[in-house]
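K.L.:
Input: one structure, supplied below.
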Amino acid sequence: MERDGSIFDLVDKNGITASSSVSIWNGNGPDLTLDDNEDTLFHSNQYSNGGYGDVYFKFEESKVINKIEFLTRHPSANNGRIDQYEILYKNSNFDADWISIYQSEITEEKGWKNANFQDVLVSEVCIRVHRSYGNWIVMNDIKFYSNAVVEDDLKTIFESLDCQAVKSQVRLKNITELKNRYQDNLEMVNLLEVGKYLWLNNNQVTRKKVKLLASNQNREEYFNTLKIKSSLPIKTAEIAFKSKKEYLIISNENINLYIVESFEKLRDKKIEIKKGLNSIYLKEDTTEVFLVDDITKNIEMTIFNADEIKNYSIGKVNYKEFIKENTNILGLVEGKNFICQLNREEIKDSYNEFDFLQGVENLDAILNYIYFLLNRNEYYHVSPFKRVLIQGINNNLVEQKSTQDGSYTTFGGMSRLMFNKSIEELANPNFCRVIAKDFIGEVDTNIELQELLTFLLTKELEFRYSRVMIIPEDIQKALWIKLRLFFNSDRFLPNIYKKIQETDLSGIQNQLEKVILWVVEILQRDVSKYFVENGYEISSEILSKCNEYPELAVDLNEVNFSNYKELIEEEISIINENYKRSIEGNI
């Protein structure tokens, strides 16, 4: 048969299987589209409003197709009539994701639907229904048309239409000549570029599939809502590139990858990956390759002859695989709340598998507790953006670093400073101070308030894991610790932070007096005189609001870690006694 100067054949449906993303109605499955009987039909249940329903067709042998016809006709009603649809495909080389080749207009008519498009090599086809009557799908029959001429041309180069290997007798000029003949068909050009790559590598080619998942949370909105610092937006592609070696990358979307040699300068070396086929050839070896920008769509790539890097991640790469990896001395350990770069040799020499897993659990536990203290659960149940921790080489310091892309924490030459089987040893004062600083954001808050919040978070972490809260010598800091002890709950900081998240502090010059009022409201006691005594400036308006609450019955200056519980009991006893006398006096 001939159409538009091309030879085409009706594809035998015996080698096709059908399925659907939508459940079936009354036993009318998608396989009924393949029985060559227009009176039988696939009838789905309803797909969601605003969504779509997919019908899939998988080919036993790959085919070059350029036309699809299908019948949508309910025998007694309009139910399931397909009004708008899209055609997508996969093949064995370009199956990183579905590739769209046809988008129909809206036509509210039953009957045969016809889709003509450029020749494409397919192993799977998807009819994606975007609009149908009642959100059902009805499809009675389907026909696929192949181009025998193109198939024959591809078979002169490849051993089969799967295009996994080129024939031994093929020469490079044969591939070039055929590519020139199909220069107007990007699909064919890309396939023949793969053929060239196979020829140059004597068919010794591996294919690695990389998936980079989009977050369902907006990064800026997430950190602005919580009012904490944004962490570095990095995800590893789990690959590196060697010098003077050609790589082919097939991607379902445009994406930028970065060669990160310094986390302070994430974007110095960029590799632009375009949707479709890309050839990468670099003059120098790279360290690990990262995705830096947040993505709104899932990215799927197929990388030919990739040099893989095995980083530790729960459920993906285990401890033994991680320490045996010799491509990169520094490896990433990924927990639920963090990405930590560590020296593999040190991990191998210092940690058995149990201690290693305990280190992951301890760091996750501390970070999760910080999120609790900063009131995350009020807004989000999980943390989609992970904190970034980087091991240094020369010192024992733990430091917080800020860049235009976000913050991260760096620690010296010993992994135990950030990765320890003992959670009590890990949560030392220096660690607590720096990790607290890594979280406290600049959104709306001035330096004084940031320093206060960092101090309170640091002391809360120390108390959580040491069970001791020492009163500082600094009189202002001492006052805050006495208030925390008297409140007698780790909800002290979350209550303050909730107020910060709910309040626009921009433009307020004296933000601390606002926090002082919140403390009075949280304690239900007027403690403003203690702030005045210790050098805080409080306006008459704020003082007036504080004075609406009763003063403490005990002296806050007397509170320390040894007696705070006794003083709380004394406060309660005095308040109860005063209340009793008040009741008796009114009888």
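Values quoted throughout were computed directly from the atomic coordinates according to the rules given, and no laboratory measurement underlies them. Computed from a prediction, not measured in an experiment: that's the story for all the values here. For neighbour counting, all protein chains shown are included, and Cβ atoms are generated from backbone atoms with ideal geometry for every residue, glycine included.
K.L.:
Work from the charge dipole of the chain (Cβ charges, +1 for Lys and Arg, -1 for Asp and Glu, about the Cα centre) and give the residue of Thr206, Leu505, Pro75 farthest towards its positive end.
P.N.:
With unit charges placed on the Cβ atoms, the residue in question is Thr206.
K.L.:
Where the Cα atoms of the range 14-143 are projected onto their three principal axes, how long is each span, largest first, in whole Å?
P.N.:
Projected onto its principal axes, the Cα set of the range 14-143 covers 41, 29, 23 Å.
K.L.:
For the range 380-442, what proportion of DSSP beta bridges, expressed in % and rounded to the nearest 5, is antiparallel?
P.N.:
65 percent
K.L.:
Listing Leu567, Leu226 from the residue with the fewest other Cβ atoms within 10 Å to the one with the most, what is the order? List each step's numbers first, then the result.
P.N.:
Details: Leu567 20, Leu226 23.
Ascending number of Cβ neighbours within 10 Å: Leu567, Leu226.
K.L.:
Give the Cα extents of the range 157-205 along the principal axes, in whole Å, largest first.
P.N.:
29, 20, 16
K.L.:
Quick check: convex hull over the Cα atoms of the chain, volume per residue in Å³, rounded to an integer?
P.N.:
On the way: hull volume 139.2 nm³, N = 587.
Looking at the chain, the number lands at 237 Å³ per residue.
K.L.:
I'd like the per residue volume of the convex hull spanned by the Cα atoms of the range 291-343, given in cubic angstrom. Walk me through the numbers before you get to the answer.
P.N.:
Numbers: hull volume 6.4 nm³, N = 53.
In the range 291-343, the Cα hull volume divided by residue count equals 120 Å³.
K.L.:
Please report how far the C-alpha centroid of the range 531-548 lies from that of the range 405-471, rounded to the nearest whole angstrom.
P.N.:
30 Å
K.L.:
Let me ask you something else. What angle, in degrees between 0 and 90 and rounded to the nearest 10, separates the Cα long axis of helix 429-439 from the longest principal axis of the Cα atoms of the chain?
P.N.:
Between helix and principal axis, roughly 60 degrees.
K.L.:
So, one more: What area, in nm² and to one decimal, does the C-alpha convex hull of the range 13-68 cast on average over all directions? Don't skip to the answer; put the middle values down first.
P.N.:
On the way: hull surface 19.6 nm².
With every direction weighted equally, the projected area is 4.9 nm².
K.L.:
Taking just the alpha carbons, could you work out the radius of gyration and Dmax for the range 296-451, both in angstroms?
P.N.:
Here Rg and the maximum Cα pair distance are 16.6, 54 Å.
K.L.:
Continuing with the same structure: Rounded to the nearest 10 degrees, what's the angle between the helix 492-502 long axis and the longest principal axis of the chain, both from Cα atoms, 0 to 90?
P.N.:
Compared with the principal axis, the helix lies near 60 degrees.
K.L.:
Would any residue of the range 414-439 have its amide N under 16 Å from a label point 7 Å out along Cα→Cβ of Tyr380? List them or say none.
P.N.:
Those under the cut-off are 438-439.
K.L.:
Would you mind checking the tilt of helix 475-487 against the longest principal axis of the Cα atoms of the chain, expressed as 0 to 90 degrees and rounded to 10?
P.N.:
80 degrees
K.L.:
Now, a different point. What's the magnitude of the charge dipole for the range 462-574 around its Cα centre, counting Lys and Arg as +1 and Asp and Glu as -1 at the beta-carbon? Answer in Debye, nearest 20. Mind showing how you got there, number by number?
P.N.:
Details: 13 positive and 20 negative charges, 94 e Å.
In total the dipole reaches around 460 debye.
K.L.:
Report Rg/Rh for the range 453-587, rounded to two decimals, where Rg is the Cα radius of gyration and Rh the Kirkwood radius.
P.N.:
Working: Rg = 15.9 Å, Rh = 16.1 Å.
Reported Rg/Rh (Cα atoms, Kirkwood Rh): 0.99.
K.L.:
Further, regarding this structure: Rounded to the nearest Å, what's the spacing between the alpha carbon centres of the range 487-525 and the range 175-242? Just the number, please.
P.N.:
If you average the Cα positions of each part, the centres end up 47 Å apart.
K.L.:
Among Asp184, Asp12, Asp31, what is the fewest-to-most ranking by other Cβ atoms within 10 Å?
P.N.:
On the way: Asp184 8, Asp12 12, Asp31 15.
Ordered from fewest to most neighbouring Cβ atoms within 10 Å, Asp184, Asp12, Asp31 come out as Asp184, Asp12, Asp31.
K.L.:
Along the charge dipole of the chain, which of Ala18, Gly335, Ile175 sits closest to the positive end, that is, farthest toward it, with unit charges on the beta carbon of Lys, Arg, Asp and Glu (+1, +1, -1, -1)?
P.N.:
Checking the options against the dipole of the chain, the answer is Ile175.
K.L.:
In square nanometres, what is the average projected area of the Cα convex hull of the range 221-343?
P.N.:
Details: hull surface 33.8 nm².
Averaged projected area of the range 221-343's Cα convex hull equals 8.5 nm².
K.L.:
Enter the per residue convex hull volume of the range 355-430, computed from alpha-carbon coordinates, in Å³ rounded to the nearest integer. Write out the running numbers ahead of the final one.
P.N.:
Numbers: hull volume 8.3 nm³, N = 76.
So the per-residue Cα hull volume is 109 Å³.
K.L.:
Just want the answer: with Cβ charges of +1 for Lys and Arg and -1 for Asp and Glu, which residue in Asn298, Gly276, Met414 is farthest toward the dipole's positive end in the range 219-417?
P.N.:
My answer, from the dipole projection, is Gly276.
K.L.:
Note down the magnitude of the dipole of the chain about its Cα centre, charges +1 on Lys and Arg C-beta and -1 on Asp and Glu C-beta and zero elsewhere, to the nearest 20 debye. Present the calculation step by step, with values, prior to reporting the outcome.
P.N.:
On the way: 70 positive and 92 negative charges, 224 e Å.
Dipole size: approximately 1080 debye.
K.L.:
Quickly rank 308-319, 515-526, 125-136 as a protection proxy: mean count of other C-beta atoms within 10 Å, highest first.
P.N.:
Result, highest mean first: 125-136, 515-526, 308-319.
K.L.:
With charges only on Cβ, +1 for K and R and -1 for D and E, what is the dipole size of the range 219-417 about its Cα centre, in debye, rounded to 20? Spell out each step's value before the answer.
P.N.:
Values: 27 positive and 30 negative charges, 57 e Å.
Here the size comes out at about 280 debye.
K.L.:
For a quick check: sort Leu213, Leu456 by the number of other beta carbons within 10 angstrom, fewest at the front.
P.N.:
Listed from fewest to most nearby Cβ atoms, that is Leu213, Leu456.
K.L.:
Per the Kirkwood formula on distinct C-alpha pairs, the Rh of the range 420-494 is how many angstrom? Mind showing how you got there, number by number?
P.N.:
Working: mean 1/r = 0.0772 Å⁻¹.
Evaluated on the range 420-494, it is 13.0 Å.
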